Amino acid sequence: MVGIGLMCLVPIIVDLIYFEFNFLGFIIPSLISIGLGLFFTKYFEEYSSNKMRLKHGMIISALAWLWASVIGGAIMLLVSDLSFINGVFESMSALTGSGVTMYQNVEVLPHSILFFRSIEQWVGGLGIIVMTVAILTRPGTASSKLYQSEAREERLKPSIKATLMQTIKIYLIYTVLGICLYLLAGMPVFDSICNTFTIISTGGMSIKNANMGFYHNDVIYLISIVLMILGATSFLVHYKVIKTRGKSLIQDLQFKVMISLIAIVAVILYFVSDIVPIDLLFTIVSAATTTGASVNSFDVMIGWPPFVLICIMALMLIGGSSGSTVGAIKLSRVIVFFKGIYKHIREILSPEGRVVPIKISKTKVNEKTVSDSGNFITLYMIFILVSWALFCLYGHDPFNSLFDTISIQGNNGVILGEINFSLEDPLKLACIFNMWSGRLEIYPVLITLRAFFEVFKR
């Protein structure tokens, strides 16, 4: 709560630079968050953090993301007169990298709000808990459990604290690189900063109504494509690139599969459609990396051939590498899942009693990992099915609703327009739940709901 409050104070700098004087709208919610955070820190001091288990970390993580969205929603309400539900939706969308906006015209918004939405995406790309643990907490068991609670397992260094600091360092290097490249391409300073924050975090919520299509610049599109791919690549791979002189990138199975999928789908769709090649490639990369940035409006995309849209849906379902900033199912689970199917087929064809091992990058994968991947994919599809059914219940177009539901559950942002400011409030709440559960990979949200159910049952 303290970390969230401090994050919400940063846009005041932009507010003062542009003489907008909306700082009270940032200060009041921020002080509430910081004040409550400090009070609870003192009040719950007797509970030892050393006793923290993974389930506690997951509950803390789930509530932290929800609290950040509420505080962000309050800021949207005070500064831009957005309704509270729309504000929470906007904030959750930014933090989770979903990139869907409730504003009808973002270009009339104060610079401070535009920057606030961008920094929410940048922080959310790594994770609220990850950022807070790295900066505000001490090394120990609690840090380790909180790190795992945001669906992160990879370690760049032996300790979690050192891993987090190294991850942030890599993230900052790519952020600075993105800003410099956009400036060289002729983009204004403010736009360069905000767009880098949204693209490297695979968030995609732009400061322009036409998103990246506003710039009509192929160089900017290509820079964005590179940044999206960097954001969708595991930080562990980035860390090893220098040490292995680039070999880790070439050898990483997830990276190879991601690039292969992008290339194959791009070639197929190029021959079956008449879409401008750079627009097609940008949209494919945006979908595969769950960024959601676009160069075409959803009015244009609705007119694309259904086969093209189905291919984009498939990419949105899969997502990028685990250990990166992406949402969706993630390539690691998809690879393990199909390896498990192949193993089962081979065992049926093999002599009775033969056990076929599963190997990924020369590393054996156990049965539990295969089972966990299958369980998560099943649960993920159930969430999409339920949300899609709700959209159909309210009379929305079935195909467009399925497309947008897949996008919102995967924190993607490439949509066909069913989700907008005029959406019914119950569906907005359902979408907030989808974004929340999608970013935390479902289990922390379910565990939190079960914990509250147990409390009230008593």
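No lab work stands behind these numbers, since they all come straight from the coordinates. Predicted, not measured: the structure shown is a model, and the values here were computed from it. Methodologically, a virtual Cβ is constructed for each residue, glycine included, from the backbone with ideal geometry; neighbour enumeration extends over all protein chains shown.
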Filtering chymotrypsin sites (Phe, Trp or Tyr not before Pro) in region 268-333 by DSSP loop and by at most 16 other Cβ atoms within 10 Å leaves none
Sorted by chain and number, the residues with a modelled amide H under 5 Å from that of ILE358, at a separation of 5 or more or across chains, are VAL365
Each label sits 7 Å from Cα toward the beta-carbon; between VAL241 and LEU379 the label points are separated, in nm, by 3.2 nm
In terms of the charge dipole of region 353-422, which places +1 on Lys and Arg and -1 on Asp and Glu at the beta carbon, the residue among LEU390, VAL355, SER401 farthest towards the positive end is VAL355
Longest the chain segment clear of GluC sites (Glu not before Pro) sitting in DSSP loops (not H, G, I, E or B) with at most 11 other Cβ atoms within 10 Å runs 154-351
The relative contact order of the chain, taking Cα pairs under 8 Å that sit 6 or more residues apart, comes to a percentage of 18 percent
Taking max minus min of the Cα coordinates of the chain on each principal axis, largest first, gives extents in Å of 73, 60, 52
To the nearest 20 debye, region 162-284 has a Cα-centred charge dipole, built from +1 on Lys and Arg Cβ and -1 on Asp and Glu Cβ, of 620 debye
In the structure shown, of LYS169/LYS330; LYS256/LYS343; LYS161/LYS457; LYS208/LYS243, the pairs separated by more than 31 angstrom at the C-alpha atoms are LYS161/LYS457; LYS208/LYS243
The aspartates and glutamates whose Cα lies under 19 Å from the Cα of LYS368, excluding any fewer than 8 residues away in the same chain, are GLU153, GLU154, GLU347, GLU441
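Helix-derived [θ] at 222 nm for the chain: sum -39500 (n - 2.57) over DSSP H runs of at least 4, divide by residue count, nearest 500?
About -22000 deg cm²/dmol.
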Placing +1 on each Lys and Arg Cβ and -1 on each Asp and Glu Cβ in the chain, then taking the dipole about the Cα centre, the residue among SER324, ILE119, LEU227 whose Cα reaches farthest towards the positive end is SER324
Here Rg/Rh (Cα, Kirkwood) for region 69-120 equals 0.90
Checked against the positive end of the charge dipole of the chain (+1 on Cβ of Lys and Arg, -1 on Cβ of Asp and Glu, about the Cα centre), the farthest of VAL336, ILE12, ILE199 is VAL336
D (µm²/s, integer) via Stokes-Einstein for region 226-291, Kirkwood Rh across alpha-carbon pairs, 20 °C, 1.002 mPa s: value 168 µm²/s
Measuring from its Cα centre, the chain shows a charge dipole (+1 at each Lys and Arg Cβ, -1 at each Asp and Glu Cβ) which, in debye to the nearest 20, is 2480 debye
Within region 39-87, DSSP-loop trypsin sites (Lys or Arg not before Pro) with at most 10 other C-beta atoms within 10 Å are ARG53
Output for region 328-373: trypsin sites (Lys or Arg not before Pro) sitting in coil per DSSP, at most 13 other Cβ within 10 Å, listed by number, reads ARG354, LYS362
Rounded to whole angstroms and listed largest first, the alpha-carbon spread of region 1-123 along its three principal axes comes to 49, 27, 23
Quick P(r) readout (region 260-333; Cα-Cα; 10 Å bins; whole %) gives 20, 55, 22, 3
Region 196-290: relative contact order from alpha carbon pairs under 8 Å, six or more residues apart, as a whole percent, is 32 percent
Counting all Cα-Cα pairs in region 299-457, those more than 28 Å apart amount in percent to 33 percent
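Taking Cα pairs under 8 Å and at least six residues apart, what relative contact order does region 257-377 come out at, in percent?
Here the relative contact order equals 18 percent.
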Beyond 26 Å, the calculated P(r) of region 237-360 holds a percent of Cα-Cα pairs equal to 36 percent
